[in-house]
Amino acid sequence: MARHLGGCQSVVCRGAEALIVATGKPTLACIDIVMVSCNSGAVLEDAVARALDSAECASLSLVDNDSTDGFPERVQQRWSADRRFRFDPVGRNSGFGAACNRGAAVGSAPNLLLLNPDCLIERGSLAALIAVLRADVGIGVLGADVHDAYGKDEPAARRRDPTPMRLLADAWRPLCPSCQGVKLPRTSDRVQTVDACSGALLLMPRPAWVRVGGFDSDFFLHGEDLDLCRRVRQSGYRVAVANGVPVVHRQGSSSQARPVFVALHKHIGLGRFLLRHQVSGRWRQTLVVLGLAAAFLLRGLPKALLAQRRKSQGG
């Protein structure tokens, strides 16, 4: 059964409302940032430093899912005197969505930013994103122009909802270049409406987060961003990407530690999304499960094992 954000919702709403009523307008520090770490490596410190350097940051909650690399403790020691910073070690791997819900329950700023520990924002990024939200109250989730360290667009930055046919179109791209897959092309629009944006950076008005109940913690790792965007759209908001706000996603800092585990949960998360939102009927659902199992065994697992071997060899 789906499990969403719990009984803190009314407190969260009152806190955000009080902030606006007391000042007559949103303050400059208007974003609660939630970051979840799990053996994220040295990039975590850089990501936290950049986030706290933003004037829009009202608080930063670092929720740690049982890291053993020592970097969350290093971050805690460095920023222990910053009243905006909060370190929350869970003591186990509770899953990404559940950890985000835990961090989001603490703040009361009118906006919430879910930021990956390997996503590096620039000074001015949050100000630009907030300006987009204030200009369009219909946006419930706002993403950024996410790309890797080499400037290549992240495929997940602009997405259609996955369907079995769209996933097949992506797999058969060389044979059918005109087939519509999951990835959406970037448009010339300053703000582009999409079905889903990259989970590396999700900025939301807190009322939108509260309305949908946060992440569904049934999604342990991967797929929770697709599900959140879907439910936000169903609740009456739009999902959009600010094409003029670039951020770097040094993807894989956590997955490098356990590539097989992450690859498995990518397929499980995708399957959960498809069965919940896109595919009905027992035989159709059975075909989806078998197809994803085959995709993991034939493609996902070999790639993960190769990555694991390269890591063990120091390559």
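Readers should treat all values here as calculations from the given coordinates under stated rules, not as data from a laboratory. For clarity, every value in this text was computed on a predicted model and none was experimentally measured. Because the Cβ atoms are built from the backbone with ideal geometry, glycine has one as well, and the counts that use them run over all protein chains shown.
Okay, here's what the table says:
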quantity	calculated
Over the chain, relative contact order from alpha-carbon pairs under 8 Å, at least 6 apart, %	21
Point-charge dipole on Cβ atoms (K/R +1, D/E -1) for segment 9-249, about Cα centre, debye to 20	680
Residue of Gly181, Gly300, Gly281 that the Gaussian network model of the chain assigns the largest fluctuation, springs spanning Cα pairs under 10 Å	Gly281
Fewest-first sequence of Ser312, Ser198, Ser108 by Cβ atoms within 10 Å of each Cβ	Ser312, Ser108, Ser198
Where chymotrypsin sites (Phe, Trp or Tyr not before Pro) in DSSP loops with at most 13 other Cβ within 10 Å are excluded, longest remaining stretch of the chain	1-149
Shape of segment 102-191, Cα gyration tensor, a/c cut at 1.5	prolate
Around His147: net Lys/Arg minus Asp/Glu count, Cβ-Cβ under 10 Å	-3
Hits among aspartates and glutamates - C-alpha to C-alpha of Lys303 under 18 Å, sequence gap 8 or more where chains match	Asp170
P(r) of the chain over all Cα-Cα pairs, binned every 20 Å from zero, in whole percent	32, 60, 8
Under 11 Å, Cβ to Cβ, from Val232 - net charge with Lys/Arg +1 and Asp/Glu -1	+2
Neighbourhood charge, 15 Å Cβ-Cβ cut-off, centred on Lys183 and excluding it, Lys, Arg +1 and Asp, Glu -1	-1
